[in-house]
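First comes the structure, then the notes that go with it.
The values are calculated or read from the model by the stated rules, or taken from the named source; none is laboratory data. Values in this document were obtained by computation on a predicted structure and should not be read as measured data. Counting neighbours? That spans all protein chains shown, and the Cβs are built from the backbone with ideal geometry, glycine included. In case anyone asks, the SASA skips ligands and DNA or RNA and just uses the protein heavy atoms, side chains included. Shrake-Rupley method; radii C 1.70, N 1.55, O 1.52, S 1.80 Å.
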Amino acid sequence: MSAQTDTPLGEIDAIFDRLKTRFASRATYSVDYRTYHLKQLGYMLKDNQQQIYDALKTDLDKGSWACDIEELYPIYNEIELAIRKLPEWMKTESRSKDAITTFKFISPRIVKQPKGVVLIIGPWNFPIQCVLIPLVNAIAAGCPVILKPSELSPAVSVLLSQLIPRYLDPEAYAVVAGGIEHATKLLEKEWGHIIYTGSTRVGRIVAAAAAKTLTPTTLELGGKSPVIVAECANIKVAMKRLLSLKQANIGQMCVSPDYILCVRSRVDELVSFCKNTLDEYWPKHPHPQSFLNTQATARLASKSGYNRQLSFLEHAEQQGTLIYRGETDEEKQRMGISLVLLDKGKDGGKVMQEEVFGPVLPIIVVEDLDEAIKYINDRPHPLALYGCTTTKKAQDRIIAETISGSLTFNDFGVATINRSLPFGGVGESGWGSYHGQDGFNTFTHNKPVLNSPFWTETIQTIRYPPLTPTKAWIARLSFLIPMNYKRPISVEQEYNRRKRRAIIRWLAIMLIGLSGGWFGLAAIMGRTT
């Protein structure tokens, strides 16, 4: 793998202008152009699979299994969906149905138009997936793209710099390699859209820079993603799934379970099962499945990141809250999962003040579901929230009483690779979303288009002076929908009215079904007699 060579700062203007010129030519607009480049991107991954493995091994010590599951498969799935659904997504939408009668005659519709040149600023923890899935969405939307991979994943950055110009139109797609200076220079430009994946701290910088040019942004940020373990939880299944996700990329994932809120009545069972599962699934070194050896996970990306996790463990040891210590290897920068138990009055220190982003897993004891929900609502909205429950009542409460980017019950991390759902945060965990059709929509301007025909000029004359009572009467008939509802009395009355309508609807459906069945039976009996 070649050493990383930063893009000369002086070339950024020329690269940006080149892509703007390509966009202005409308070459990227056609469904054929978009489809061709989506297919090219798929074959770029297929043709260079081993090089991708090598780059991820160099940057993060990822094995091929982790590369496939965490990086490549989600991109292939996005490409397949975009190719298949692109003609449908691009179709102009009629908006006549809900238009008032007058406006039905002027063909209200939405035309899907690419926003312009897109900037994608990627993270180091998933340097392929978190750069190329937004690229898939932007290509599908007809937007040229500049990719800015993380300087902390230099091998991947070099590889993308080599492959993108070989497989994609170099006039429309480019890679800028470099660090903070390069990102700062790029953020000075006026973009069609910016998508940034990374820390909340840098997200604020990106948002502030984008505000200067009024550029729309999608910010995929981090934060602490909590897990609620309710009294009704199936702990054995939930914890096996949780720990298997926590080992992915060794917790260096924006949606990795950050801490567990466990009801007191189940905490002993949870702790015991987690310890046993860690010992069973990831035996100690030199076993090949040890966290120090397994290729199903990765190393801590930097020495500072490794030392940060160590500081969490040292504080927990001092406080007497470290109940399970995972293996550590400073030279390899690898760690096993460690458990910290925090009951009332116990000081969690920085592990509860900062996003963990590593293999340390705090378990906080709460009295009940009420306390768990209050704990979450007293803090910034998480990017991902997880609930371990077996009852609909508990699930309904968590859905209704919390706010989060995503909410998953009895599994972990799957929302990030579900192409049929938007992936994004809320509040401090970010804004905007992408993946699948939602990603296409992110980079697409829904342009309202109307066409007022000349034959309506007879009605249009009411707009022209002089204004008369007759014209005002015609305008009221033409442009105002009458209030077809009575003055409301109370919220309770609205509830009762809605329930009555639902019951009447149900009875009508039952009556129609019974009548149809009766007539059908009568017809059959008539034929047999």
Test set (1) open to solvent by 60 Å² or more (accessible area, probe 1.4 Å); (2) at pLDDT 95 or above - Phe409 fails condition number
(1)
Residue hits (the range 33-64; open to solvent by 60 Å² or more (accessible area, probe 1.4 Å) and more than 16 Å from Cys143 (Cβ to Cβ)) are Lys39, Tyr43, Lys46, Asp47, Gln49, Gln50, Gln51, Asp54, Lys57, Thr58, Ser64
For the condition assigned to a loop (DSSP other than H, G, I, E, B) and either surrounded by fewer than 12 Cβ atoms within 10 Å (Cβ to Cβ) or acidic (Asp, Glu) (or both), what is the one hit in Ile481, Ile403?
Ile481
State which residue is nearest to Leu245 (Cα to Cα) when the search covers only the range 412-450 and only residues that are part of a strand (DSSP E or B) and either modelled with pLDDT under 95 or not polar (S, T, N, Q) (or both).
Phe423
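Okay, residues lined up against (1) farther than 26 Å from Glu280 by Cβ; (2) surrounded by fewer than 19 Cβ atoms within 10 Å (Cβ to Cβ); (3) in contact with a Phe, Trp or Tyr (Cβ under 6 Å, 6 or more places away or on another chain):
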residue	(1), (2), (3)
Ile323	no, yes, no
Val351	no, no, yes
Pro362	no, no, yes
Glu367	yes, yes, no
Ile376	yes, no, no
Thr391	yes, yes, no
Just wondering, is there one or more residues in the range 303-311 that are under 25 Å from Val414 (Cβ atoms) and hydrophobic (A, V, I, L, M, F, W, C)?
no
If we take the range 163-247, then strands (runs of 3 or more DSSP E) inside it with 3 or more residues that are open to solvent by less than 60 Å² (accessible area, probe 1.4 Å), in contact (Cβ under 8 Å) with a residue 12 or more places away in the chain and farther than 21 Å from Val118 by Cβ are 226-229
From Phe23, Phe16, Phe103, residue being at pLDDT below 95 and either crowded, with 16+ Cβ neighbours inside 10 Å or polar (S, T, N, Q) (or both)
Phe103
Search the range 405-433 for residues that are closer than 11 Å to Val255 by Cβ and pair each with any residue that is open to solvent by 50 Å² or more (accessible area, probe 1.4 Å) and β-branched (Val, Ile, Thr) when their beta-carbon atoms are under 7 Å apart and the residues are at least 6 apart or on different chains.
Thr408/Val414
So which residues in the range 286-305 are in contact with a Leu (Cβ under 8 Å, 6 or more places away or on another chain), closer than 21 Å to Leu245 by Cβ and either open to solvent by 30 Å² or more (accessible area, probe 1.4 Å) or part of a helix (DSSP H, G or I) (or both), if there are any at all?
Arg299, Ala301
If we keep just the residues of the range 454-475 that are within 15 Å of Phe103 (Cα to Cα) and polar (S, T, N, Q), which is surrounded by the fewest Cβ atoms within 10 Å (Cβ to Cβ)?
Thr458
